[in-house]
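Chemist: Sending over a structure as structure tokens; questions will come in a sec.
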Number of protein chains: 2
Amino acid sequence: MIYGVNKMASKERIQRLKDETRINILDAALQIVKEEGWQALSMRKIADVIEYTAPIIYEYYANKEAILLELARKGYLLLAKDLRAAHEQHALPDKQLEAMWLAYWNFAFANKELYQIMFGVTTNCCCEEINKLEEAVMPWDLFTDVIGKVMHIEDPSSDLICTKYYTFWSVVHGLVSINLLSRGSSDEINRQVLTDAIVGIIRSIKPD
Amino acid sequence: MIYGVNKMASKERIQRLKDETRINILDAALQIVKEEGWQALSMRKIADVIEYTAPIIYEYYANKEAILLELARKGYLLLAKDLRAAHEQHALPDKQLEAMWLAYWNFAFANKELYQIMFGVTTNCCCEEINKLEEAVMPWDLFTDVIGKVMHIEDPSSDLICTKYYTFWSVVHGLVSINLLSRGSSDEINRQVLTDAIVGIIRSIKPD
DNA sequence: TAAATCATTTAACAGTGTTAAGCAAATATA
DNA sequence: TATATTTGCTTAACACTGTTAAATGATTTA
């Protein structure tokens, strides 16, 4: 009986180690990508970092794509968190909306590699799989809610709200993408484009 | 002497065949990409299509990247042509600007694969190399010229023009990217976002 | 102590881009 | 015409890639 308890504890300890390895794999992958870019990521390099051989990884992730997918998932959760935090920091819908898109912008550059795989910027991101991820989605409800409030529209499924949401998203994602391609202009122009667009769209959607 | 002439003609014939093979390689590559996507493109597959073995390709292109680069270059030339055509079809700067961005939009979906490699949408496009390409650039002069006319600004190097140019580009490229990721909405909403944005920006930049 | 399970590695396969060596036909030279 | 030389092309190889199966050695179970 005493042994039974020890056995349980041992199993738990082993489980904890396994959980840790699962995390280590993700961390190693992200570290490699940050140092050498997405193209340089390989199973054997991950194995090197976590001090195992490559086949071990397949006991934690079905394949390489599953690792990319998990990193993307992590990215979406992080982005959603940032967006909700930005939302909560303001009371006025106008300010909430502005803060959310600024948070989106900041997320993209603070987590460049995650952004790349989340939205396929200069990397082939197993798109179809990502589109199936539940979490791999912008916090749509949050945006439509705030946009609706700014526009004073009740129906959150309105095409008008949808149109405005995509207008915001397009301009911000577009500017992010262009900059991640090193095709952007100065920081000053970026700031100008970003705030002009956000403020401009908000003003244009307000009922006169 | 007669032989000398024949020799020349023979050399020219051989050169023509070589030129043709160089083109065939590009065509084969694009064909494969259109059928199976960028990720499926390989030197051996190209060789299969042109009915040679893989090492032959290296007599025409330094490496795989050089092929991608050449395809991107072709894309930029094609896009520039479309944009200039759109420009020429109108007299009023407002209409010219609108037509140009609509042409950009149409190009993206008519040449999806080229657009992907030109702007790194869901594919790793040897970015740095592309940024060094002379032709790999939007017809900046054309855009700034037209935008300047709409704004009634003389100085084409104005930061204001630059800002507006990036605003246009961001929203259009962003919307294209989102749709190439299958993250877009309906065609109707796309049209709405696109024309609303273009018309909206034009209106906003016109001197009151 | 013997059997069974587990963790981990080595070896292998099919694919990738790329280069070097080889071969056979066409051409140039004597 | 006979002999070199160049040309066009292929086969073989290298170092990678993701991935799987077999082998090994330690740990746990009976």
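Chemist: How about segment B:65-78: which of its residues are more than 14 Å from DNA strand C (Cβ to nearest atom) and either within 14 Å of chain A (Cβ to nearest Cβ) or free of Cβ contacts under 8 Å to residues at least 12 places away in the same chain (or both)?
Modeler: Result: B:A72, B:Y76.
Chemist: Okay, next question. Can you give me the number of residues within segment B:174-194 that are surrounded by fewer than 22 Cβ atoms within 10 Å (Cβ to Cβ), among the polar types (S, T, N, Q) and closer than 20 Å to B:Q116 by Cβ?
Modeler: 3
Chemist: Pairs, please: C-beta under 8 Å, at least 6 apart or cross-chain, first residue closer than 13 Å to B:A197 by Cβ and more than 7 Å from chain B (Cβ to nearest Cβ) and in segment A:167-190, second crowded, with 24+ Cβ neighbours inside 10 Å and basic (K, R)?
Modeler: As it stands, the answer is none, since no pair meets every condition given.
Chemist: Which numbered condition trips up A:A197, out of (1) within 15 Å of A:W105 (Cα to Cα); (2) among the small types (G, A, S); (3) surrounded by fewer than 23 Cβ atoms within 10 Å (Cβ to Cβ)?
Modeler: (3)
Chemist: Can you run down the residue pairs with Cβ atoms below 8 Å, 6 or more apart or on separate chains, where the first is in segment B:15-37 and within 14 Å of chain A (Cβ to nearest Cβ) and the partner is more than 12 Å from DNA strand D (Cβ to nearest atom) and acidic (D, E)?
Modeler: These pairs meet every condition: B:V33/B:E113.
Chemist: Just a yes or no: is a residue in segment B:113-135 more than 26 Å from A:Y115 (Cα to Cα), part of a helix (DSSP H, G or I) and within 14 Å of chain A (Cβ to nearest Cβ)?
Modeler: Checking segment B:113-135: not a single residue is more than 26 Å from A:Y115 (Cα to Cα), part of a helix (DSSP H, G or I) and within 14 Å of chain A (Cβ to nearest Cβ).
Chemist: Going by what's in this entry, would A:A62 be described as in a loop (DSSP other than H, G, I, E, B), surrounded by fewer than 19 Cβ atoms within 10 Å (Cβ to Cβ), within 16 Å of DNA strand C (Cβ to nearest atom) and more than 14 Å from chain B (Cβ to nearest Cβ)?
Modeler: Considered against the rule, which asks whether it is in a loop (DSSP other than H, G, I, E, B), surrounded by fewer than 19 Cβ atoms within 10 Å (Cβ to Cβ), within 16 Å of DNA strand C (Cβ to nearest atom) and more than 14 Å from chain B (Cβ to nearest Cβ), A:A62 comes out as yes.
Chemist: With (1) in a helix (DSSP H, G or I); (2) away from every other protein chain (no Cβ under 14 Å) as the list, and B:H90 as the residue in question, which single condition is left unmet?
Modeler: Looking at each condition in turn, B:H90 falls short on (1).
Chemist: Restricting the search to segment A:26-46, which residues are within 8 Å of DNA strand D (Cβ to nearest atom) and surrounded by fewer than 19 Cβ atoms within 10 Å (Cβ to Cβ)?
Modeler: Once the filter is applied, which keeps residues that are within 8 Å of DNA strand D (Cβ to nearest atom) and surrounded by fewer than 19 Cβ atoms within 10 Å (Cβ to Cβ), segment A:26-46 yields A:A40, A:S42, A:R44, A:K45.
Chemist: Then there's this: Quick check, is B:E12 in a helix (DSSP H, G or I), away from chain A (no Cβ under 14 Å), away from DNA strand C (no atom under 12 Å from the Cβ) and modelled with pLDDT under 95?
Modeler: yes
Chemist: Conditions first: (1) at pLDDT 95 or above; (2) under 17 Å from A:W101 (Cβ atoms). A:P139 passes all but one, so which condition is the exception?
Modeler: For A:P139, the exception is condition (1).
Chemist: Of the residues B:A86, B:A28, only one is touching a Phe, Trp or Tyr at 6+ places or on another chain (Cβ under 9 Å), small (G, A, S) and away from DNA strand C (no atom under 12 Å from the Cβ); which?
Modeler: B:A86
Chemist: Residue check: is B:E36 farther than 30 Å from B:V171 by Cβ, within 12 Å of DNA strand C (Cβ to nearest atom), outside the structural domain of B:C125 (by TED's automatic domain parsing) and among the acidic types (D, E)?
Modeler: It is true that B:E36 is farther than 30 Å from B:V171 by Cβ, within 12 Å of DNA strand C (Cβ to nearest atom), outside the structural domain of B:C125 (by TED's automatic domain parsing) and among the acidic types (D, E).
Chemist: Consider A:W140 carefully, then state whether it is out of contact with any helix residue (DSSP H, G or I) (no Cβ under 6 Å at 6 or more places or on another chain), facing chain B (nearest Cβ under 9 Å) and in contact (Cβ under 8 Å) with a residue 24 or more places away in the chain.
Modeler: no
The values are calculated or read from the model by the stated rules, or taken from the named source; none is laboratory data. It should be emphasised that the depicted structure is a prediction, and the values quoted were computed from it without experimental measurement. Positions of Cβ are generated from backbone atoms using ideal geometry, with glycine treated the same way; all protein chains shown enter the neighbour counts.
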